[in-house]
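Novice: Take this structure, written in structure tokens, and hold onto it; I'll ask about it next.
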Amino acid sequence: MSVAASGAGSSLAPQRHGARRVGAGVWLPLAFLAAGLGYPFLLLVANAFNVGDPQALPPVEYGVANFVSLLDHLDWIGNTLLVSISATILATAIGIVLAWILYRTTVPGQRVFEILIAIPYPLGPLVGALAWSALGSPQDGMLNQLFTSLTGIREPLLNIYSVPGIIFVMAIFEAPFAVLMIGAAMQHMDSALEESSTVFGAGKLRTAFRITLPLMLPAILSSALFLFTSMMGAFAIPTMLGTNARFYVATTAIYVLFQSYPPNYPLAAAIGVVLILITALAVWLYARVLKNRTHAVIFGRNYRPRRLSMRGWTPALLAFECLYVLVSLVLPLGVLVLASLQKSGDLSWIPTNWTLSNFHYVLIDFPTTREAIGNSLLLGIGTGTLGVALATTIAWTVHRSNSTGRRLLEQVTMLPQAFPRLIFAFGFMWMVMSLPIHLYGTLFAVLLAYIIVFLPLAYRGMSGVVVQIDRSLEEAARVSGAHWGRMMRTVTLPLLRAGVLANWVLLFMISVREVSASLFLSGPGTQVLGPAIFSFWDSGGLPRVSALAVVQAAIILAAVVAVRRLAGSKAEQ
Amino acid sequence: MAAEDHVASGDLRIAAEAGRPFIEVRGLTAAYDAKIVVRDVSFSVTAGEHLSLLGPSGCGKSTTLRCIAGLETPVEGEIVIDSEVVFSSQRRINVPTEKRKLSMVFQSYAIWPHMTVFENVAYGLRTQGVRDAEVRNEALRALRMVGMEELAHSSATALSGGQQQRVALARSYACRPKAILLDEPLSNLDARLRTRMREELRELQRQFQLSTIYVTHDQEEAMAMSDRVIVMRDGRIEQEGPPLEIYDRPQSRFVADFIGAANIVSGRIRQPGSGQPIILDVEGTAIECAPRAQLPRPHADGSYMVAVRAVYAELRRDAVPALANHWPATIERRTLLGDLVTYAVRWPGGTLRVHGFPNDLFDEGSSVHLHIPSVRAILVDAD
């Protein structure tokens, strides 16, 4: 009672003098985002209404003809929605189950599975699509060949080049994000809320549906929204698994319109605008559902959530975890490694037939892939560094200053999340082409695009870090006689260190694996890994593209190991 | 006995300083956004004095403390520490926190988790540029004082709440500040530990004789530790004085209610004649009240209020007819609280809460005699 009362008192703590000014911490990031996000968006809209010369920029004639002709291709939008909604539901369901097993039950192996389940996300959809096309292709997929040789049945076991196949691969590679977000909420939930439900006579199932699920709803919806937007803009999986079946979604249609001769930019832009409208609608729905709900309700202080003993169910739950790791990590990485060691496209299990020449080729002989690897590392480092710096500045301004406009800044910072990344990159491409300075076709343009699209993720991460640092830790330094610089050096920065490094590594990993945002922006001389793997898949043959994908996976796994080390040293503190 | 000694030595010390205020706050007004949380507050602290700012949450006590520390910037007013003006709205002076040479204990302790216990305590000394050997001595001495010397090199995050509290205290005493500010330092501890830390804090205070401003919402803490208490309410000072004076002679209904257990009885004033005792008429029952120079502020309906502390009302088995304020009464309910027994007593003026001790119990329903010494019937300002 007394604690609660005084706690409320301290939250009312007045703010510092000079609160009325709009600090540089507000307007600099706002200006950056307005230019980097707003202008591409305007260009996208302008192009969508361009009915004159499709190459003209800005358009000379405006009309709605593009949207009218889009009516003939409603299947693109319909397919996108079908795939995105189904995959979001599947990924969220997987996420809920896995998070619940990891954090709320006594099923063993939490530490190991926590890591294994997280890895598919940074590996990314491109590696996933490539691996699963090698596993589940109806003609020569490894699983189908295995099935045929075991049973003698010629009919393939599974066909990954199908709508369910696309949904499945999309879901399993995005599910770790849901595990992360929902898991965080589950770890913070006060188990007394569940216990009291049991005390009042509710069984495990009733408690799960009436208490746990509603309390988790904000986290579940927030993760579902993120996944939905991400899947609306998904490119690698629908292209690599759907093009064979002539199954087009919005992003693949945009790419085809972009590649065709002459390119039909206005129609592509119109598709982009429709996609953004759909994600905006999703954001609105999300905000509506969560209206009047406070996330804070579920957070207790220092609770160690009581875990449910699952007794007889333990093997089944453990098997579910293993199955997930098998299909999302072991099989994909296994088939890629195996394929990368082959001399030809046929998979041989005999080690004497293996060769490392594919690695030699992609790492050394072939300049394009060699460059792509170097450029991707540079981009990863650049995005990590600048992205975290920007996100930290914004998080600091939003949570620690009294600058007017800091709420606006927070909303604008989260805005890129509503843009499917490929669509954003499409608009961004026009912006860099229209600029008087030479930016198009440079690595710097890709870097800027990455920073903008990953800013919401980086901001989310750094917010968590900044919020955790109690303001009184800094105030104690000031009262002890430390001036601002000394306080930063001895207290603030050391406290931020672990969080900054963890978020840096996250940005590094998702930059290295990114394909949607760089597809339109990278080109000759600015090859990066994602698009390089993609174009290699078209032309390079399975062993070589597998070798390149294995290289990408190795970079990402090295980063995962690094982040675990950091997390470990943080836990020791 | 010991407490009396201390008061005596305190008096001598204050006399030696000739009552010179060491910290002075004048006309302090603080606000956040448009909301004013401290209104025109003035008080001073003499050298070595322990002052408590007491009040419910949101009364502005913490804000006042933070203004003195320089962690908030007041809208108006002046703050002087040791003859140096550290803040003045008129003269546009605002000495930054780190140059005010104070120290502070936070409610959350604010122990830096990335440093060892020793590094936490040594921090203030190091910012002052003290030599390493001396830093070591001083920091260890401070840790010894709070009994934390053995844990000097353990990580600060491995500490329990009480230990963190001790480190925070050692940290604030180690840096040789001009004054110590404490912001609800004990509120996160459990009751037993809180009592013990209260004693330890009092002991440290006695050793160092530093001017101390102590913010709390716990009247026991304020009573037990302070030379003087300021009761705050809605950003203003409600009453100021030594603990016993505030307890015995509350100025207002708010103070009477907030500190200790008091009965508030309201009625009409009878005979406000000169030299005569003031009589409060409670539905026909007359209560003789403690003399008072001026009548207090009445309630909106014209009635006056009298505060009677539950411990100062007396219950007797036999009548003593000669006494004033003496009535037959009935025990309605008895509640055993452990060290205390509280009775709901039915008397002609209504129902009164009276404290007794477990060594002499009255049964429920029994007839007793209630006596309220007239000096204990304090007329107070109505709200």
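Each value in this text was obtained by applying a stated rule to the coordinates, not by laboratory testing. No experiment lies behind these values; they were computed from the predicted model shown. Note: ideal-geometry Cβ built from the backbone for every residue, glycine included; neighbour counts use all protein chains shown.
Novice: Starting from the Cα gyration tensor of the stretch B:33-93, take the square roots of the eigenvalues, sort them a ≥ b ≥ c, and report rounded, prolate or oblate (rounded when a/c is under 1.5, otherwise prolate if a/b is larger than b/c, else oblate).
Specialist: In terms of gyration-tensor shape, oblate.
Novice: Could you calculate the FRET efficiency of residue A:39 with residue A:198 from 1/(1 + (r/R0)^6), where r is the beta carbon distance between them and R0 is 56 Å, rounded to 0.05?
Specialist: Approximately 0.50, to the nearest 0.05.
Novice: Using a Förster distance of 60 Å, how high is the FRET efficiency between residue B:207 and residue A:146, based on the Cβ-Cβ distance and rounded to 0.05?
Specialist: 0.15
Novice: How far is helix B:2-16 tilted off the main Cα axis of chain B, in degrees rounded to 10, range 0 to 90?
Specialist: Its long axis makes an angle of about 70 degrees.
Novice: Quick one: work out the % antiparallel among DSSP beta bridges in the protein assembly as shown, nearest 5.
Specialist: Close to 75 percent.
Novice: Would you please classify the overall shape of the stretch B:52-127 from the alpha carbon gyration tensor, given that a ≥ b ≥ c denote the square roots of the eigenvalues, rounded means a/c under 1.5, and beyond that prolate means a/b larger than b/c while oblate covers the rest?
Specialist: oblate
Novice: Could you pull out every whole DSSP H run in chain A that spans at least 24 Å of Cα extent along its own axis and averages 0.5 or higher on the Kyte-Doolittle scale?
Specialist: The answer, listed by residue number, is A:74-104, A:163-188, A:213-232, A:265-289, A:367-400, A:443-468, A:493-513, A:542-572.
Novice: Also, I was wondering about something else. Nearest 500 deg cm²/dmol is fine: what mean residue ellipticity at 222 nm does the protein assembly as shown get from its DSSP H runs of n ≥ 4 alone, each adding -39,500 (n - 2.57), divided by its residue count?
Specialist: -16500 deg cm²/dmol
Novice: What FRET efficiency, computed as 1/(1 + (r/R0)^6) with R0 = 30 Å and r the Cβ-Cβ distance, is obtained for residue A:277 and residue A:538, rounded to the nearest 0.05?
Specialist: 0.45
Novice: Roughly what angle does helix B:161-174 make with the longest principal axis of chain B, taking Cα atoms, 0 to 90 degrees, to the nearest 10?
Specialist: 60
Novice: Are there chymotrypsin sites (Phe, Trp or Tyr not before Pro) in the stretch A:155-218 that DSSP marks as loop and that have at most 16 other Cβ atoms within 10 Å, and which are they?
Specialist: Within the stretch A:155-218, the qualifying chymotrypsin sites (Phe, Trp or Tyr not before Pro) (loop, at most 16 other Cβ atoms within 10 Å) are A:200.
Novice: In terms of the Cα gyration tensor, with a ≥ b ≥ c the square roots of its eigenvalues, is the stretch A:388-489 rounded because a/c is under 1.5, prolate because a/b exceeds b/c, or oblate?
Specialist: Taking the square roots of the gyration eigenvalues as a ≥ b ≥ c, the stretch A:388-489 is prolate.
Novice: Given a cut-off of under 8 Å on Cα pairs at least six residues apart, what relative contact order in percent is computed for chain A?
Specialist: 21
Novice: Continuing with the same structure: Does a label point 7 Å from the Cα of residue B:94, set along Cα-to-beta-carbon, have any residues of the stretch A:482-525 with amide nitrogen under 16 Å, and which are they?
Specialist: A:484
Novice: Suppose we flag trypsin sites (Lys or Arg not before Pro) only when DSSP calls them loop and at most 15 other Cβ atoms lie within 10 Å. Which is the longest uninterrupted stretch of chain A?
Specialist: A:344-573
Novice: Sticking with this one: Along the positive direction of the dipole of the stretch A:446-573 (beta-carbon charges: Lys, Arg +1; Asp, Glu -1; about the Cα centre), which of A:473, A:540, A:557 reaches farthest?
Specialist: So the residue furthest toward the plus end is A:473.
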